[in-house]
Protein chains: 2
Amino acid sequence: MMKLAKELNLSVSTVSKALLDSYEISAATKQRVIELAKKYNYKPNPFASSLRKGKSKFIAVIIPEVNNNFFSMAMDGIQTLATEKGYDVLVYLTHESQSNEISVLDHLEISHVDGVIMSLCSQTLSFEHIENFNTESHLPLVFFDRIATLDSFPRVITNNYESAFQATMHLFSQKVKSPIYLYTSEWNYINKERHRGFKDAVIQNGLTFTDDFVIKCTEDSEINKSIIHDLLTSEKPPDAIFTSIEKLAINVYEVANELKVKIPDQLKVISFSNLRTASLLAPSLSTITQPAFEMGEQAAKMLFKMIEKKSYKNSNDIISIDSILYLRDSTKSN
Amino acid sequence: MMKLAKELNLSVSTVSKALLDSYEISAATKQRVIELAKKYNYKPNPFASSLRKGKSKFIAVIIPEVNNNFFSMAMDGIQTLATEKGYDVLVYLTHESQSNEISVLDHLEISHVDGVIMSLCSQTLSFEHIENFNTESHLPLVFFDRIATLDSFPRVITNNYESAFQATMHLFSQKVKSPIYLYTSEWNYINKERHRGFKDAVIQNGLTFTDDFVIKCTEDSEINKSIIHDLLTSEKPPDAIFTSIEKLAINVYEVANELKVKIPDQLKVISFSNLRTASLLAPSLSTITQPAFEMGEQAAKMLFKMIEKKSYKNSNDIISIDSILYLRDSTKSN
DNA sequence: CTGAAAGCGCTTACAG
DNA sequence: CTGAAAGCGCTTACAG
């Protein structure tokens, strides 16, 4: 910049203003500056301007994992909007570990991003680290899907209650007598909502709801498979399994294959899932598919609104986008 | 920092050095500084230090898409190493468009990341933008999988030739007479390598290799399905299809389902793929699975070596990690 | 072992 | 319309 200024016999201030297209600068000067900048392929230093302006044009995305269709599609949605708005996206993976989640937030406190979009790991049930982060950093923060149930943050969710309800009703319509709901890890917001929908549908079908209808799994596939194995070889195996996540549905398929339990004849399966190959599985898997891309997009949209308007303190909006129920062979009654 | 300095009756320089654990500072002073910093929850401004040091502790990852098991697993590998090394990761998606690729690189020229890891989009056949980027930015740049065939850059690849050769030999061992190789979009490095392996195996089995054995597809699923449809309903449909990417294999399954073509009896299918559900498809899909996580890890390892040693100009190393051939039902002979 | 000073490369309030 | 000056918050070569 100094170089440009010298060569053009202008001050650094004028050059800076010209490059920022300031109304203070004459058209002629602007043109001279821009031309020379082009000639020298001059690029302003973003750290200097970030330092000066206190804005980085970076946003952070914190997700449990990226090798998961839901989160990778959501990230795609976020990226799309960020690119449009001229923001760069920093990605942090927590690998479903709350201690990682905490260290990422600690790190972000000093990293001067302009805002954060986050989906919690499934073990996260307490939110002190979120609140601490908020009071320390005062950064705009938007949750999506696995949200913190704190009023102070805007969030993008899907209709977990209704879709779980509908999926369970569908199972009963397919002559299911005793359905089981499998969920991972912890009694977090999402599982609670889905569980409510499941429970209400069970009750609506005249059954007495008991704890046997709900089984908690883990993050470890092998353990989950042995849980499912025990369940399917028990005295009273269920007619149907409804899983909270894709991975569990895959585990159910694997164990059913091993045990030669026929899906859907002996066991119906439905799951929350964004698997692209759901329709190609043997048998094709009935799914509740979350609008991942749109959820990411909406979360980004909210975040940028907050960043630009600086009105984030009271913007505790909630956006809910409906999931879609895809009924396939895994829940078909003969 | 000024605040700390004042309260401790020290200079800003001393405080800065104390926080950086400089050998110049006495243990006692260090302790006082660190304690007060903790009390005030002081966080240094990374832009200021980046500006001063000319290092950002950011790396950029440029990939065609994230909603793809190969790339998301590779990203996971990169992230893992970056976290270890204390780097933050900026992610850029090109959506398989070379013009996006160019604008990302243009943008990175000014964004002062410390290094770049990149996998090209499939249409990218010319590398001027890569060379321009290199001469403009002089940033360490590592390629993985979809590499630029330029000697000046280190790269992490897999044994495309050998695995394509083996997969094709396997097809012949399953009584295949006329196999076809489907690839997407462009005649890039990867497709060339795989094609060579395919071709050599075909010739080794006594066939005369002709262009009919190779069909170019697109990025558009619908068009690909119609190409596959035409192929399977042609006068002489192939006994087997070998696809360069997962999506094409899925398209083959979809079309075969529509046409009631039985896999593997009438048509054998094998594909490069990192699909987790390959073994649950109907029928289970034989795959060549690339070591995605490890490739990402190795690419990151090379990048950090270059960043730390600043010897990147002549480090045109090539790391190759073998893929694994998973033989499943889609290539089984009766 | 500590500190004063320069400087990283910008932006902006202010003066003219 | 242009420019001088201060300052964003650090780090580091240098002096003592």
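The values are calculated or read from the model by the stated rules, or taken from the named source; none is laboratory data. Remember, it's a predicted structure, so these values are computed and weren't measured experimentally. Don't worry about glycine lacking a Cβ; one is built from the backbone with ideal geometry, like all the others, and counts go over all protein chains shown. Areas reflect the complete protein model, heavy atoms only, side chains present, ligands, DNA and RNA absent. Shrake-Rupley method; radii C 1.70, N 1.55, O 1.52, S 1.80 Å.
Each copy carries A:T149; placing its label point 7 Å along the C-beta direction from Cα gives inter-copy distances of 5.8 nm, listed from smallest up. Here the stretch A:172-237 and the stretch B:12-82 have alpha carbon centers that stand 45 Å from each other. Between beta-carbons, use under 13 Å as the cut-off and find the net charge around B:E65, counting Lys and Arg +1, Asp and Glu -1. Here the count lands on -3. Highest GNM mean-square fluctuation, chain B, Cα pairs closer than 10 Å: which of B:F47, B:F272, B:F209? Among B:F47, B:F272, B:F209, the largest mean-square fluctuation in the Gaussian network model of chain B belongs to B:F47. Each of B:P154, B:M73, A:S72 was placed along the dipole of the protein assembly as shown (beta-carbon charges, centred on the mean Cα), and the one lying farthest toward the positive end is B:P154. Each chain gives up part of its surface: B and A jointly bury about 4300 Å² of accessible area, both sides summed, for a 1.4 Å probe. The fraction of accessible area contributed by carbon and sulfur in the protein assembly as shown is 50 percent, rounded to a whole number (1.4 Å probe; ligands and nucleic acids excluded). Here the stretch A:2-44 is treated as a Stokes sphere of Kirkwood radius computed over C-alpha pairs; at 20 °C and 1.002 mPa s its diffusion coefficient rounds to 215 µm²/s. Once the C-beta distance of A:Q266 and A:Y326 is scaled by a Förster radius of 22 Å, the resulting FRET efficiency is 0.50 to the nearest 0.05. Cβ-Cβ distance of A:L150 and B:K43, R₀ of 30 Å, FRET efficiency by 1/(1 + (r/R0)^6): the value works out to about 0.85. Centre-to-centre, using Cα atoms only, the stretch A:97-142 and the stretch B:104-150 are separated by 32 Å. For the cross-link pairs A:K175/A:K260; A:K216/A:K236; A:K43/B:K55, the C-alpha atoms of every pair lie within 25 Å. Near B:E258, once Lys and Arg are set to +1 and Asp and Glu to -1 for all other residues with Cβ below 15 Å from its Cβ, the sum equals 0.
With both labels modelled 7 Å from their Cα along Cα-to-Cβ, the A:K192 to B:E128 distance reads 5.9 nm.
Once you treat every alpha carbon in the stretch B:151-282 as an equal point and sum by Debye, what is log10 I(q)/I(0) at q = 0.14, 0.22 Å⁻¹? Debye curve over Cα of the stretch B:151-282, log10 I(q)/I(0) at q = 0.14, 0.22 Å⁻¹: -0.60, -1.50.
The mean accessible area for residues of chain B, using a 1.4 Å probe and ignoring ligands and nucleic acids, is 44 Å² per residue. Note on B:K309 and B:K55: the model spin-label points, each 7 Å out from Cα along the C-beta direction, lie 1.6 nm apart.
Charge tally around B:D230: other residues with Cβ under 14 Å, Lys/Arg +1 each, Asp/Glu -1 each, net -1.
Taken about its Cα centre, the stretch A:2-44 carries a charge dipole of about 180 debye when Lys and Arg each add +1 at the Cβ and Asp and Glu each add -1 at the Cβ. Chain A's nearest residue to the axis relating it to B, judged by Cβ and reported with the distance in whole Å, is A:A282, 2. Heavy-atom accessible surface, probe 1.4 Å, ligands and DNA/RNA ignored: which residues of the stretch B:252-298 lose at least 30 Å² versus the isolated chain? Listed by number, the residues meeting the 30 Å² cut-off are B:R276, B:T277, B:L280, B:L281, B:A282. With label points defined 7 Å past Cα in the direction of Cβ, position B:K53 shows copy-to-copy spacings of 2.4 nm, given to one decimal and shortest first. Global size of the stretch B:73-144: 12.4, 35 Å for Rg and Dmax (C-alpha atoms, Rg to one decimal, Dmax whole).
Computed about the Cα centre, the dipole magnitude for the stretch A:81-132 is approximately 120 debye when only Lys and Arg (+1) and Asp and Glu (-1) carry charge, each at its Cβ. Can you find, among B:A28, B:L8, B:A18, the residue sitting farthest towards the positive end of the charge dipole of the stretch B:2-44, where Lys and Arg contribute +1 and Asp and Glu -1 at Cβ? Comparing the listed Cα positions along the dipole, B:L8 ranks first. Just to be sure I understand: with springs between alpha-carbon atoms less than 10 Å apart, which residue in B:K43, B:K268, B:K192 has the highest mean-square fluctuation in the Gaussian network model of chain B? In the Gaussian network model the winner is B:K43.
In a reduced charge model with +1 at each Lys and Arg Cβ and -1 at each Asp and Glu Cβ, the protein assembly as shown shows a dipole moment near 1480 debye about its Cα centre. Distance between the pseudo-spin-label points of B:D317 and B:S173 (7 Å out from Cα toward the beta carbon): 3.4 nm. Structure remark: mean-square fluctuation, Gaussian network model of chain A, C-alpha springs under 10 Å; the largest value among A:N257, A:N67, A:N41 belongs to A:N41.
Amide H to amide H distances under 5 Å link A:L141 with A:V116, where only residues 5 or more positions off or on other chains count and H is placed in the peptide plane. A straight chain from A:K85 to A:I34 at 0.36 nm per residue would run longer than the Cα-Cα distance by 16.1 nm.
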